[in-house]
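A short write-up of the structure that comes next.
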Amino acid sequence: MKVRSEEIGKPMKRETFSTSLTVFFATLGSAVGLGNIWKFPYMTGMNGGGAFILVYLLFVLLLGIPIMLSEFYLGRKTRSNVVGVFDKLKAHKIWKSIGYMGLLSSLLIMFFYSTVAGWVYAYVFRALKGDFRFLGDMGIDEARIASEGIFTDTLSGMAPMVWQGIAILLVAVILIGGVKKGIERVTKTLMPVLLLLIIISAMRALTLPGAAEGLDFLMKADFSKLKGSSILAAMGLAFFKLSLGMGTMVTYGSYFNKENNLMGTSFKVAFSDVAVSLLAGLAIFPVVFTFQLAPEGGPGLLFQTIPLVFSMLPLGNLLLIAFFVLTAIASTTAMLSMVEVPIAILTEELKLARKKAVIITTSVMFMIGVITTHPDALFGQVEVAGKSLFDLFDYLSSNLLLPLGGLLITLFVAYFTKKESLKDEMTNGGTIGNEKLVNLYRFVLKYITPVLLIIVFLNALGILSI
Ligand code: TRP
């Protein structure tokens with residue numbers, strides 16, 4: 001019998017997820033995040049609807065899934081964090097820079113992502129208190145100003161810093177529980193709740209008079225709106241949406257059980273993530289069009305338009321609570337995966353106790369995040385190269401570190417990994433018949449993914465623009 005590489009001489013203490021279903025929920029929990037709610041639906045609407053979705057799916061196949069698989073491969077094969085991976089594979093130590101870049105990205109992203117998660121928590125609280133109810137009694141124009149006022153108010157003073165602290169604290173408490181009792185338990189409970197809430201929200205929206213127009217905006221394939229820039233946007237989105245380039249999927253992959261079908265998981269996660277994004281769009285745009293508002297993206301959509309339009313509906317406040325609860329779940333499970341990257345590095349490379357590693361990591365994230373990303377904070381008004389620190393962290397991570405990390409991971413697995421080893425991991429030692437797919441995956445990874453990534457990278461840096 002063939003002995004699977006991971007069974008030889010590896011520490012047995014390392015935790016894994018219990019079943020393929022919990023692997024799926026944890027990994028989907030990482031992919032589904034703020035991106036599904038404020039990026040994907042809006043970008044789809046503005047870039048040709050169904051046409052954009054087709055292009056997006058193409059990049060999921062050519063870029064998203066191949067990189068995700070490569071990260072899973074590195075993680076499960078070595079059962080290691082994203083720095084340790086390269087020691088285990090006896091690679092040149094220069095490759096370890098992928099891991100250090102991942103560590104840095106994790107910090108930079110968390111500085112601002114946890115800030116936004118804090119706003120989401122604040123909105124859950126406000127919706128529970130009924131703070132948005134009065135919007136429903138106003139005319140649209142008046143309500144728009146009031147909704148903007150609530151957002152500005154949420155962002156000012158000390159309160160958002162406290163909410164950010166609560167969001168990070170919750171992530172810390174879950175992560176101290178470990179892989180099974182922390183990440184697995186929370187994601188397997190909350191991801192089904194998220195899916196249910198988003199289906200309910202979409203169904204409610206689809207019964208409104210603006211449903212047809214909303215559906216049109218989201219789905220109708222209009223190839224004339226598909227410009228070069230939309231194609232680049234689709235590539236970048238496929239990458240960020242699937243949590244790639246910083247070792248998140250290496251780290252989660254290192255916890256996958258040995259029976260898991262890596263190829264199956266990557267397909268399921270990528271397509272379920274698209275489904276969640278589409279459902280988010282279906283929940284939002286019919287309402288927006290029913291009240292004849294202009295669709296917009298980003299924080300404006302989530303924190304101003306949604307409270308405004310949902311509060312106009314019968315039972316709108318309940319719907320608003322449901323929507324912000326699901327957004328809170330999405331951002332929290334995404335943060336778990338971001339923070340787990342440094343935790344795995346600290347516990348395995350520096351042999352810190354898990355609890356200590358969590359406390360140190362989340363404290364740094366909170367302390368730096370809180371003084372830099374709020375308009376009223378100590379360094380809240382500092383600008384670097386014309387960008388606020390909030391935007392700078394976003395720019396450095398999404399445009400520089402993640403695509404570079406993704407490119408290096410791709411090159412490493414495509415050109416410095418033996419085909420046999422890759423095949424062994426993808427077929428679980430020959431027990432599942434993925435052989436043909438492995439050849440296709442290797443081909444794409446060698447000749448297509450790197451070229452696409454270089455284009456994403458140059459575009460993100462502003463060197464190339466189509
Ligand atoms: N995919 C998540 C979202 O859409 C964000 C995310 C979580 C992420 N972990 C990541 C992005 C790691 C890049 C790298 O919101």
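For the stretch 280-298, give me the residue count where each residue is surrounded by fewer than 22 Cβ atoms within 10 Å (Cβ to Cβ) and in a helix (DSSP H, G or I).
Qualifying residue count for the region: 2.
Within the stretch 377-395, can one find any residue that is open to solvent by 10 Å² or more (accessible area, probe 1.4 Å), β-branched (Val, Ile, Thr) and either within 15 Å of the ligand (Cβ to nearest atom) or assigned to a helix (DSSP H, G or I) (or both)?
no
Is it true that THR333 is within 16 Å of the ligand (Cβ to nearest atom), hydroxyl-bearing (Ser, Thr, Tyr), open to solvent by less than 60 Å² (accessible area, probe 1.4 Å) and in contact with a Pro (Cβ under 8 Å, 6 or more places away or on another chain)?
Working: within 16 Å of the ligand (Cβ to nearest atom): yes; hydroxyl-bearing (Ser, Thr, Tyr): yes; open to solvent by less than 60 Å² (accessible area, probe 1.4 Å): yes; in contact with a Pro (Cβ under 8 Å, 6 or more places away or on another chain): no.
Judged against the criteria, THR333 is not a match.
Report, ordered by the first and then the second residue, all pairs with beta carbons closer than 8 Å, sequence separation of six or more or different chains, a first member in the stretch 184-195 that is touching a residue at least 24 places away in the same chain (Cβ under 8 Å), and a second member that is among the polar types (S, T, N, Q) and open to solvent by 50 Å² or more (accessible area, probe 1.4 Å).
GLU184/SER18
If I ask for residues that are of a type outside the set (Val, Ile, Thr), open to solvent by less than 20 Å² (accessible area, probe 1.4 Å) and touching a residue at least 60 places away in the same chain (Cβ under 8 Å), which ones from the stretch 299-310 would you list? Outline the logic, then answer.
If we filter the stretch 299-310 for residues that are of a type outside the set (Val, Ile, Thr), which is where we start, we get 299-304, 307-308, 310.
Applying the additional criterion that residues be open to solvent by less than 20 Å² (accessible area, probe 1.4 Å) yields 300-303, 307-308, 310.
Listed by number, the residues that qualify are LEU301, LEU302, PHE303, PRO307, LEU308, PHE310.
In this structure, is PHE256 within 30 Å of LEU308 (Cα to Cα), away from the ligand (no atom under 15 Å from the Cβ) and open to solvent by less than 60 Å² (accessible area, probe 1.4 Å)? Quick ask: steps written out before the conclusion?
Working: within 30 Å of LEU308 (Cα to Cα): no; away from the ligand (no atom under 15 Å from the Cβ): yes; open to solvent by less than 60 Å² (accessible area, probe 1.4 Å): yes.
No, not satisfied.
Kindly list the number of the only condition in (1) crowded, with 24+ Cβ neighbours inside 10 Å; (2) outside any helix (DSSP H, G or I); (3) of a type outside the set (Asp, Glu) that fails for VAL269.
Every listed condition holds for VAL269 apart from (2).
Got a sec? Which of GLY118, GLY102, GLY165 is of a type outside the set (Ser, Thr, Tyr), modelled with pLDDT of 95 or more and under 30 Å from ALA414 (Cα atoms)? Full working, then the answer.
Details: GLY118 fails: under 30 Å from ALA414 (Cα atoms); GLY165 fails: under 30 Å from ALA414 (Cα atoms).
Just a single option satisfies the conditions, and that option is GLY102.
Are any residues in the stretch 14-73 at pLDDT 95 or above, more than 12 Å from the ligand (Cβ to nearest atom) and among the charged types (D, E, K, R), and if so, which ones?
GLU15
Say whether the condition of being open to solvent by 10 Å² or more (accessible area, probe 1.4 Å), of a type in the set (S, T, N, Q), touching a Ser or Thr at 6+ places or on another chain (Cβ under 8 Å) and touching a residue at least 24 places away in the same chain (Cβ under 8 Å) is met by at least one residue in the stretch 34-42. Even if it seems obvious, please write down each step before you answer.
The first filter runs over the stretch 34-42 and keeps only residues open to solvent by 10 Å² or more (accessible area, probe 1.4 Å), leaving 38-39, 42.
Retained after the next criterion (residues that are of a type in the set (S, T, N, Q)): none.
No; the residues of the stretch 34-42 include none that is open to solvent by 10 Å² or more (accessible area, probe 1.4 Å), of a type in the set (S, T, N, Q), touching a Ser or Thr at 6+ places or on another chain (Cβ under 8 Å) and touching a residue at least 24 places away in the same chain (Cβ under 8 Å).
Looking at the stretch 249-283, which of its residues are over 20 Å from PRO450 (Cβ atoms) and of a type in the set (Ser, Thr, Tyr)?
THR251, TYR252, SER254, TYR255, THR265, SER272, SER277
The values are calculated or read from the model by the stated rules, or taken from the named source; none is laboratory data. As the structure is a computational prediction, the values presented were derived from the model and not from experiment. Positions of Cβ are backbone-derived with ideal geometry, glycine not excepted, and every protein chain shown enters the neighbour counts. Surface accessibility is based on the protein's heavy atoms, side chains included, excluding ligands, DNA and RNA. Shrake-Rupley method; radii C 1.70, N 1.55, O 1.52, S 1.80 Å.
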